[in-house]
Amino acid sequence: MRLLHVIFSASWFGGNLSLILLNFMTPRPDTASALVLQHVIFHSIATTIVATASILSLLSGLLLCWKSSWGFFRHRWVVVKIIVTLVVIVFCATISGPAIEETIELSRTLGMEALHNEVYLGNAMLSAVVQPAIFAILVFLAYLSIFKPWSKRKTAQ
């Protein structure tokens, strides 16, 4: 189970890094169809790789808690990992994901004029801020997994 958890977590990490690179490294499209395609690719990575890997990482982590001596609430680092992971997944599902879908729709209906639309630009800014922030959070979660800081919770001893 540990191996699966590492694979799912690494997939989430890599998928998020792909979104950052796509967001910042690709040249600005010069046609409406290229603009739509760029957003569709971004959405595909977000929904197929990142969303799936994040949920499987959470589930495999919960299974590890259940089947190992770590437990769900014995160690602060485990509690923090569970809470932070849930917050990131819920945020992406309720705010970031719909913003990506709205960006696709705007680029389809407005074409290159979308680049001057306030909603489109707001969604682009959201993505430019959120993806690196999630990457930093994933690095923090990896740190917790590797170094297991903090002592056991007093109530669990």
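The values are calculated or read from the model by the stated rules, or taken from the named source; none is laboratory data. Please read all numbers here as calculations on a predicted model, not as lab measurements. Reconstructed Cβ throughout: ideal geometry from the backbone, glycine too, with neighbour counts over all protein chains shown.
Residues that are not in a helix (DSSP H, G or I) and not hydrophobic (A, V, I, L, M, F, W, C) were ranked within the stretch 108-151; the one that is nearest to A53 (Cα to Cα) is K148.
Report yes if I55 is surrounded by 15 or more Cβ atoms within 10 Å (Cβ to Cβ) and farther than 19 Å from I146 by Cβ, otherwise no. Yes; evaluated as a whole, the condition is true for this residue. Looking at the stretch 130-141 only, could you name the residues that are touching a residue at least 40 places away in the same chain (Cβ under 8 Å) and surrounded by 14 or more Cβ atoms within 10 Å (Cβ to Cβ)? Passing the criteria: Q131, P132, I134, F135, I137, L138, L141. Residues being in contact (Cβ under 8 Å) with a residue 24 or more places away in the chain, closer than 23 Å to H5 by Cβ and aliphatic (A, V, I, L, M) are entirely absent from the stretch 97-109.
Checked against (1) surrounded by 14 or more Cβ atoms within 10 Å (Cβ to Cβ); (2) at pLDDT below 95; (3) part of a helix (DSSP H, G or I), T155 passes all but a single condition, namely (1). If the condition is being hydroxyl-bearing (S, T, Y), loosely packed, with under 15 Cβ neighbours inside 10 Å and in a helix (DSSP H, G or I), then the stretch 61-93 contributes no residue at all.
Among the residues of the stretch 10-45, the ones that are surrounded by 12 or more Cβ atoms within 10 Å (Cβ to Cβ), β-branched (V, I, T) and more than 30 Å from I146 (Cβ to Cβ) come to 4 in all. As for the stretch 121-129, it holds at least one residue that is surrounded by 17 or more Cβ atoms within 10 Å (Cβ to Cβ) and under 26 Å from I83 (Cα atoms).
The rows are residues; the columns are (1) part of a helix (DSSP H, G or I); (2) touching a Gly at 6+ places or on another chain (Cβ under 8 Å); (3) closer than 18 Å to T103 by Cβ; (4) of a type outside the set (D, E, K, R).
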position	(1), (2), (3), (4)
L35	yes, yes, yes, yes
Q38	yes, no, yes, yes
A53	yes, yes, no, yes
L58	yes, no, no, yes
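The combined condition, being exposed (fewer than 15 other Cβ atoms within 10 Å of the Cβ) and modelled with pLDDT of 95 or more, is not fulfilled by L106. Total residues in the stretch 11-31 satisfying the condition of being without any contact (Cβ under 8 Å) to a residue 40 or more places away in the chain, part of a helix (DSSP H, G or I) and of a type outside the set (S, T, Y): the figure is 5.
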